[in-house]
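Data first, discussion second: the structure below is written as structure tokens.
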Amino acid sequence: MSKNTLIAPSVLAADFANLQRDIEMINNSQADWFHIDIMDGVFVPNISFGMPVLEAITRHTKKTVDVHLMIVNPDQYIKTFKDLGADILTVHYEACTHLHRTLQAIKAQGMKAGVALNPHTSVDLLEDVINDIDMVCIMSVNPGFGGQSFIENTYVKVKKLKDLITRKGASTLIEIDGGVTNKNALQLVEAGADVLVAGSFVFKAENPIQTVADLKQLTTV
């Protein structure tokens, strides 16, 4: 059985002075999703971009918009992100006191619901809600900044999560976010990953469209 790994370039690594150009580049590439990080400077020590920029981005996107919230109190913005064009909304496990309720609220708005885990957070904590989660985003770097190096323990974590999903009969996708390159992409897919977020590796490449195509080819197993 061949597996079509989804590639989601991270807009955080784009050239903000040429954002529309970079959005069109992703539209024209073999990438499957746009991955968009929203940071508030509280949950993570960085501020990325807010609602007006997201709105400007989604006006031009022709693919699935995967929004990753690295913010406190994500519940109060769920409808806002739906209105701004998010197809998938991912919240951090660490930021949600009532995770099940948050997941239901995301789905009630017609979006897919994702849960992100920081490097120190165990996948075991999702045991009771895995069947309500459309996608788990495993952070393979500490969240907040692009261009960091990959945390090697991620492979073990992916396998463990895949086991949990299989055991519970869930159809949850596994997304990897941080430090993904052509050096670790195949190993991540073999461990069980379905979606690879690639930021600097795509946008800092000499030929980003070819880089996406190469990643796609490399991970079609």
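Quick note: the coordinates plus some simple rules give every number you see, no bench work behind them. Just so it is clear, the model here is predicted, and its values are computed rather than measured. So basically every Cβ, Gly included, is an ideal-geometry build from the backbone, and we count neighbours across all protein chains shown.
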* Once fully extended, how much extra length lies between residue 204 and residue 19, figured as 0.36 nm per residue of separation less the alpha-carbon to alpha-carbon distance? -> 65.2 nm
* Asked: Which entries in the list 159/216; 62/216; 107/216 go over 27 Å, if you measure between the two C-alpha atoms of each?
  -> 107/216
* Using the Cβ atoms and a cut-off under 13 Å, what net charge is assigned to the surroundings of residue 37, where Lys and Arg are +1 and Asp and Glu are -1? -> -4
* Structure fact -> Per-residue Cβ contact counts at 10 Å, fewest first, order 96, 137 as 96, 137
* To do: Please give, to one decimal in nm, the separation of the simple spin-label points placed at residue 107 and residue 218, each 7 Å out from Cα toward the Cβ.
  => 3.5 nm
* Structure fact -> Note to self: Kirkwood Rh of the chain, Cα pairs, one decimal, Å, is 17.2 Å
* To do: Using θ = phi - 60° and the Karplus relation 6.51 cos²θ - 1.76 cosθ + 1.60, list the HN-Hα couplings for region 181-191 in order, rounded to whole Hz, with x at every Gly or Pro.
  => 9, 5, 7, 10, 4, 5, 4, 5, 5, 5, 6
* How high is the relative contact order of region 6-218, in percent, with contacts defined as C-alpha pairs under 8 Å that are six or more residues apart? -> 22 percent
* Quick one: which of 63-72, 43-52 comes out on top by average Cβ neighbours within 10 Å, and what's the full order, highest first? -> 63-72, 43-52
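So in the chain, what percent of DSSP beta bridges are antiparallel if you round to the nearest 5? Walk me through the numbers before you get to the answer.
On the way: 1 of 33 bridges.
So the antiparallel bridges amount to about 5 percent of the total.
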* Structure fact -> Per the helix-only model, the chain has a calculated mean residue ellipticity at 222 nm (DSSP H runs of ≥4, -39500 (n - 2.57) each, divided over all residues, rounded to the nearest 500) of -9000 deg cm²/dmol
* Those aspartates and glutamates that a straight Cα-Cα span of less than 12 Å connects to residue 79, excepting residues fewer than 8 apart in one chain -> 87
